[in-house]
Amino acid sequence: MATMERERKFLVRDDSWRTQAVGRVEILQGYFDVAGGGSFRVRIAGDQANLNLKGPARGMCRREFEYPIPVEEARELLALFCQGRTVAKTRHFVPAGEGLQWEIDEYHGPLEGHFTAELEVPREEQPFSRPPWLGEEKTLDPRYANAALARAGKWPGA
């Protein structure tokens, strides 16, 4: 089923958010080559897996399609098609108020030591409070998209 994703992405200043975290999940995701500015990935998050297709970004919005698949098939797809284009991370969940939730990604492997915070909002102009640990916004910087991080294998500017 297609949805419209509206997501804001930020760097994280410090780890003071950790005291507010209410859960976490280990994620491994890999990217297939796609033309036209979209992304096609396979993700294993805990004991669930899915295929996810995202259209080209228009500002902070883009079409997203997501389909559950068996975890064993996801592992096979990662091994066959995504070598050299993967991201491993721990995703932490922090309440943001107003029914919203921060997703803090703590990266592992070649991206170890880096963090981003994402907030999915119901509309582009959605107001939200900016916690003190929230750093510079990177929503419109394509270098911080997980697909770009997976392909580069390093943090932007490193």
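The values are calculated or read from the model by the stated rules, or taken from the named source; none is laboratory data. These figures come from a predicted structure and were not determined experimentally. No Cβ is skipped: glycine too gets one built from the backbone with ideal geometry, and neighbour counts run over all protein chains shown. What goes into the accessible areas is simple: the full protein's heavy atoms, side chains included, and nothing from ligands, DNA or RNA. Shrake-Rupley method; radii C 1.70, N 1.55, O 1.52, S 1.80 Å.
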Within segment 1-38, residues within 18 Å of L134 (Cα to Cα) and aliphatic (A, V, I, L, M) come out as L11, V12, A21, V22
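When segment 77-91 is examined, which residues are found to be open to solvent by 70 Å² or more (accessible area, probe 1.4 Å) and touching a Phe, Trp or Tyr at 6+ places or on another chain (Cβ under 7 Å)?
Of segment 77-91, the ones open to solvent by 70 Å² or more (accessible area, probe 1.4 Å) are 80-81, 83.
Within segment 77-91, F81 is the sole residue that qualifies.
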Of the candidates R143, R151, the one satisfying the condition of being surrounded by fewer than 17 Cβ atoms within 10 Å (Cβ to Cβ), under 17 Å from K54 (Cβ atoms) and free of Cβ contacts under 8 Å to residues at least 24 places away in the same chain is R143
Across (1) in contact (Cβ under 8 Å) with a residue 60 or more places away in the chain; (2) more than 25 Å from F128 (Cβ to Cβ); (3) open to solvent by 70 Å² or more (accessible area, probe 1.4 Å), R41 clears everything bar (3)
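I'd like the residue in segment 21-38 that is touching a strand residue (DSSP E or B) at 6+ places or on another chain (Cβ under 7 Å) and part of a loop (DSSP other than H, G, I, E, B) and, out of all such residues, is most open to solvent (accessible area, probe 1.4 Å). Talk me through it step by step, then tell me what you get.
The initial filter retains those residues of segment 21-38 that are touching a strand residue (DSSP E or B) at 6+ places or on another chain (Cβ under 7 Å), namely 21-32, 34, 38.
If we keep only those that are part of a loop (DSSP other than H, G, I, E, B) as well, we get 21-22, 34, 38.
Working: A21: 39, V22: 103, V34: 63, G38: 17 Å².
Here the answer is V22.
Among the candidates A148, A88, single out the residue that is in a helix (DSSP H, G or I) and either in contact with a strand residue (DSSP E or B) (Cβ under 6 Å, 6 or more places away or on another chain) or under 27 Å from R13 (Cα atoms) (or both).
Numbers: A88 fails: in a helix (DSSP H, G or I).
It is A148.
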All conditions in (1) surrounded by 12 or more Cβ atoms within 10 Å (Cβ to Cβ); (2) part of a strand (DSSP E or B) are true of A74 except (2)
When E112 is run through (1) open to solvent by 50 Å² or more (accessible area, probe 1.4 Å); (2) touching a helix residue (DSSP H, G or I) at 6+ places or on another chain (Cβ under 7 Å), the failure sits at (2)
Output for Cβ contacts, cut-off 7 Å, separation at least six or different chains, first residue over 16 Å from R6 (Cα atoms) and assigned to a loop (DSSP other than H, G, I, E, B) in segment 96-120, second aromatic (F, W, Y) and at pLDDT 95 or above, reads H114/Y107; H114/W155
Listed by first then second residue, the pairs whose first member lies in segment 22-35 and is more than 11 Å from A88 (Cα to Cα), whose partner is modelled with pLDDT of 95 or more and of a type in the set (V, I, T), with beta carbons under 6 Å and at least 6 positions apart or on separate chains, are R24/T90
Of (1) touching a strand residue (DSSP E or B) at 6+ places or on another chain (Cβ under 7 Å); (2) in a loop (DSSP other than H, G, I, E, B); (3) open to solvent by 40 Å² or more (accessible area, probe 1.4 Å); (4) in contact (Cβ under 8 Å) with a residue 60 or more places away in the chain, F65 fails just (2)
